[in-house]
Structure formats: C-alpha cells, structure tokens
Amino acid sequence: MPIGDLQIPIIGKNVVIASLVQTHILFATFIIGAVLIAATSEYLGLVTKQPNYERFARNLARFVVLLFASGAALAITFVLALVTLFPVFFSYLQNIFFWVFLVEAFMFLGQIIIVYAWYNVWDKLAYRKSLHVVFGFIAGFFGLMAMTMIDAVASYMLTPAEAPVTDVARTFLNQTMVPLNMHRFVGNFSYAGFLIAGWGGWRYLRSTRDEDREYYDWMGHFGLIWGFGFLILQPVIGYGYLKGIRESSPDAFETIMLGEQAWHFNVLVILIAVMTIASTAYFVHKLRFAVKPMPVLRKLAIGSLGFTALFTLLNIIPSDADLIPQLGLVFLEGEGTKIPLGAMYPWKYIGLIGLMLVGFFILTLYLRATADGFRWGQASRWSQYALMTCSVAVVLTMIDMGSTRESARRVDHQPAGNGGGFLIYNCVGMNQKVYNEGCPAVVEQDGQKINTINGEKVPRSE
C-alpha cells in the first residue's frame, strides 16, 4: 500500500479529519474561555464579596476538569488520524513547525497540571484567595499560549509566509497569524459566554426552588455579558483577518467571498443576526427588573433593538440571487441578478459598523443598570429561550467559520490533479503532492509577485 494513500470507506478521510478537528475545537475553545471567565469570576467574588461569583467560578472549574479529558482524547485521536491518513503532509508540516509543536506540547502539559491543581486546592487556599486566583489565570495563560502555537500552523496553511520555510520567525508570524489569533482570542470568551448563558437559561426553567432560580437567572445574565460583549468586537477583527487573506492568498479570498463557498458567509451573518437580536431583546426585557427603575434607559434600549434589526437586515441581504447553489437555492438568473442593497460597499460595511456601534450602546445601557442590580428569579420563559437560542447559534457559528477557513484552500483555480484543493495553499495539494519545496505562496520577480506553481502574476490588493 502506498504511503499516505489509506482510504476510509463511505465517508472518506477528509470527513474523518474534519469531524475530529471540529469537535476538538468546540471542546478546546470552551475550556480556554471558561477557565479565564471562571478565574475572573473568582476575582470578582473576592473583590465584591458576592457569593454568586464564587459559586459560579467553582462550578465552572469543576466542569472544565471533567471536560478536559474528553478534549485531550479528541486531540490525541486527531493527531493519530492525521499521521495515519496524511503522513507526507504531516511530515512536511512537522519539519516546518517542529519548535512550534514542541512549545505547544509543553503549554498543553502546563495547562493540564495547573487546571487540576487550581481546582483541587480550592478549599486549601480559601484563606489565600489572591494566590488561588493567580492559579486560575496562569492556567488560562497556558491555554492561550497553546492556542497561539496552533494558530500559527493553521494560519500558515492558508497564507504561507513569503519566505523560506527555514525562516522560523517568518513562518510563525505569517501574514494572517496575528489577526487569526486575535479573532480566536476574542471568540473564546464569546463562545464560552453564550454557552454559559444558555445553560443558565435551561437550568432556570427546570429549577423549582427560589434560591436556584435566582442563581441561574444571574448566571444567564453574567454569561450573556461575556458572550455579547466580545461578539461585537468580531466584525472589526474579522475584517482585518479577511484583508490579510485577500492580500496573501487572493484566490482563496475569492473562493470564500465570491466563489462557490461564498454561501458560508450568508449562513454566518444569519447566525450573527440571531445572536444579536436575541441578546438585545434579552437586555430590553431584563431592564424591567432593575432594582432602580430606569424608564429612559429602557426606551433607549427598545430603540436600539429597532436599529439592530435594521442593520441586521443589511447584513443578511445577499449580493445576488445565487444563494446556495449546492442546495439548488438559485433564483431568477442567479449570479446575473444583482441585489443593490446586498453590495459589500457601502451597505455591508454600514450594516457591520452599525451593529457594532449599536451593540456597544445597548451593552453600555445594560451595564449601567447592572451597577444598581436586578431583581433575580423573575425573568420570563421567553427570555431564557433567547439565551438558549444564542447558545445553539454560537455552536453553529463555530462550525460554519471553521468550515469557511478550511474550504478557502479548495480554490476555484487550482493545478489539475492536485486532489481538489490544497493542504497548504499553493504548496501541498490534497493528494499530498508537494508543489513547492520552499513553500512561499508567491515570490518577487522584477518587483512583481509571481505564483511559484504556474508562473502567473499575482494581482496586488488595493
């Protein structure tokens, strides 16, 4: 049997790798975000002396400890599957990122040790709370460093550095490493926050004791602040990431924005719209239960809900009638039927910027009311359903964004017979054939960028 040619019946090896990676990311992202949120909550409990923060932090830490084994098992299974199914590619990647993988392994080990120590000494360090809080933040730091190492590899696969592979610094700090890492850093908090809010909503509806209803009502509120607060930062960071892809891997950018994979972004904006409107509606509802009545703030919040719906609509309107061709959702003349309000400039920019500004405004209003407190345990059922809707939508968003990034390497214009795309953009094909030993995506020749595979000039982004 040829090396690297092992096939998986029925589903294929690409589906196996995608399923393992995506599941692992859902676990790992939550763990990193949850550890930092729990450590912050424990610190807030230390400062404010409010018992909810301490109870929440300890329960979340316990859940992270239980979840960690599953996430680690998925990571190990994924690496074994990658070595088995794509040995040539993995060997090539390991040669480029040997030091990165080594550092990532030690960061992962450090995170395991500190997370378990942090939880196990919770009672023993009850009278040295400041030291215990530091344990939590150190665990979060190790998790972030491990994520940073992996982001260097993931970004390189889409935008290889325009430098020899032996240049460790350039391969690590490739063209999209920083924006991708920022995007995932912010996403950790938003993803974990929305899931915490959804769990709080679920438990609130199932609780019968007033004490528990009050606590889970507070948990939903606390999780949503994290989820929505970091979500509104993503449009700017996401734009920076896309700009890096456009300048470094223009064919990949065209594939996900204008090509056959563009439908991923239509799904993405719909999911963001769901989370934004549901979160804003929850904030408006919650202002009814502020300890200090604030009718003016609530009216402003209701107005913000209207603007949120307007800007959301601008983001959802497609640019043409070719919606999801893979599912047959094509109307009129497809790409030939342009929708004026669906153009990227200026309407999509107005929609994204508007959502972000309105998001900051409504969150500011809500935090102002939070300073005086709320009457907990009196929330309506539909507000808890809104929290659970956000938690489902954020999981689907993670899956859609991961699929978008990986699909970008399946460019529309690619070398014949390379197996349907690239494992490393313009360097290693899906068939594990190495097209460029040095693996820069392009090289400079007479002051112009030249594609090293087909020799064509690469257009510069304006």
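Worth pointing out:
- Taking a Cβ cut-off of under 15 Å around VAL79, the surrounding Lys, Arg, Asp and Glu residues balance to a net charge of 0, with basic ones at +1 and acidic ones at -1.
- Under a model in which nothing but the beta-carbon of Lys, Arg (+1) and Asp, Glu (-1) is charged, the chain shows a dipole of about 1920 debye around its Cα centre.
- When chymotrypsin sites (Phe, Trp or Tyr not before Pro) are flagged only if DSSP places them in a loop and at most 13 other Cβ atoms lie within 10 Å, the longest unflagged stretch of the chain comes out as 128-330.
- Computed from Cα positions, the angle between helix 234-248 and the longest principal axis of the chain comes to roughly 10 degrees.
- Over the chain: helical MRE at 222 nm, DSSP H runs n ≥ 4 each giving -39500 (n - 2.57), nearest 500: -23500 deg cm²/dmol
- The chain: relative contact order as a whole-number percent, Cα under 8 Å and 6+ apart: 17 percent
- Among residues other than PHE172 with Cβ under 12 Å from its Cβ, the summed charge is -2 (Lys and Arg +1, Asp and Glu -1).
- Shown for MET157, MET219: other C-beta atoms within 10 Å of each C-beta, ranked fewest to most, produce the order MET157, MET219.
- Taking Cα atoms only, the orientation of helix 51-85 departs from the longest principal axis of the chain by about 20 degrees.
- Among the listed pairs LYS129/LYS299; LYS348/LYS433; LYS124/LYS286; LYS299/LYS348; LYS124/LYS292, a Cα-Cα separation exceeding 32 Å is found for LYS129/LYS299; LYS348/LYS433; LYS124/LYS286; LYS124/LYS292.
- The residues THR208, THR148, when put in order of fewest to most other Cβ atoms within 10 Å, stand as THR208, THR148.
- The ranking of LEU109, LEU144 by Cβ neighbour count inside 10 Å, starting from the fewest, reads LEU109, LEU144.
- Dipole-positive endmost among ALA154, SER190, THR48 within the chain (Cβ charges, Cα centre): THR48
- Among residues other than THR48 with Cβ under 12 Å from its Cβ, the summed charge is -1 (Lys and Arg +1, Asp and Glu -1).
- LYS299-TRP382 FRET efficiency (beta carbon distance; Förster radius 30 Å; 0.05 resolution): 0.90
FYI, it's all coordinate maths here, none of it is from the lab. Bear in mind the structure is a predicted one, so any value in this text is a computation, not a measurement. Note that we place each Cβ from the backbone using ideal geometry, even for glycine, and neighbour counts take in every protein chain shown.
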